[in-house]
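The values are calculated or read from the model by the stated rules, or taken from the named source; none is laboratory data. The structure presented is a predicted model; accordingly, all values stated were derived computationally and were not measured.
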Amino acid sequence: MRLSDRWRQILLAFCLGTTLLVTACSRSEAPSPYAQVQEETTGRGAEVAVDKSAENGSTFNQFFPKSVAGYNITPTQEKRGFAEYKVSQDGTTVAMLSINDTISNPAAADKYQSSDFQVASYPAVDQGKNATGLLVNKRYQVKVLTRDPAFTRSDRLDWLQKFDLNGLAELESKYSSAATTKASPRTTAPSVRIPPTLSPQPAT
């Protein structure tokens, strides 16, 4: 009888241990809330790592629409390689505007290689049902996202053209030229005076 009780205790301990092991494994496979937040944030265009040569977000502010009748345009986020503005109408957010430097995320620029339409002569793509973007100089992505059903794809195309796209197109060449000038200052070679050559004269 004592032997039977002992085996019963061993079997019970084994079953309990197995249950705890299965529960721990199932918990470890479940995605953490932090991973989910990271995935959602990355999906909105935020970069996991920012290239050191990416433009400062403050540089992009000058290229956003400044004033549009009936709308309020306010900045919401600014960091290296990215700037974002909010478009509101009668107190309701209807759209988000953004510019990001794809040097930190080349895949964001790659999708424009299969673009089948243009906006203001720049390759453009629809990204899902609520976003449309274009690419300037194969590097700077300008995007408009719908936040209210009344703000349609036609509105997104119209707002893309409200950005100073020509100014943004000159950004890379402007900064590259300044860096080159700073790195290679103009120097003037010193002048060298060459003494005259004397020819022997015949004796008289």
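The table that follows gives values for the structure above.
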{"read-out": "Selection within segment 59-78 - within 14 Å of the chain's Cα centre (by Cα) and either β-branched (Val, Ile, Thr) or at pLDDT below 95 (or both)", "value": "Thr59"}
{"read-out": "Hits in segment 89-126 (condition: under 26 Å from Ser67 (Cα atoms) and part of a loop (DSSP other than H, G, I, E, B))", "value": "Asp90, Gly91, Ala120, Ser121"}
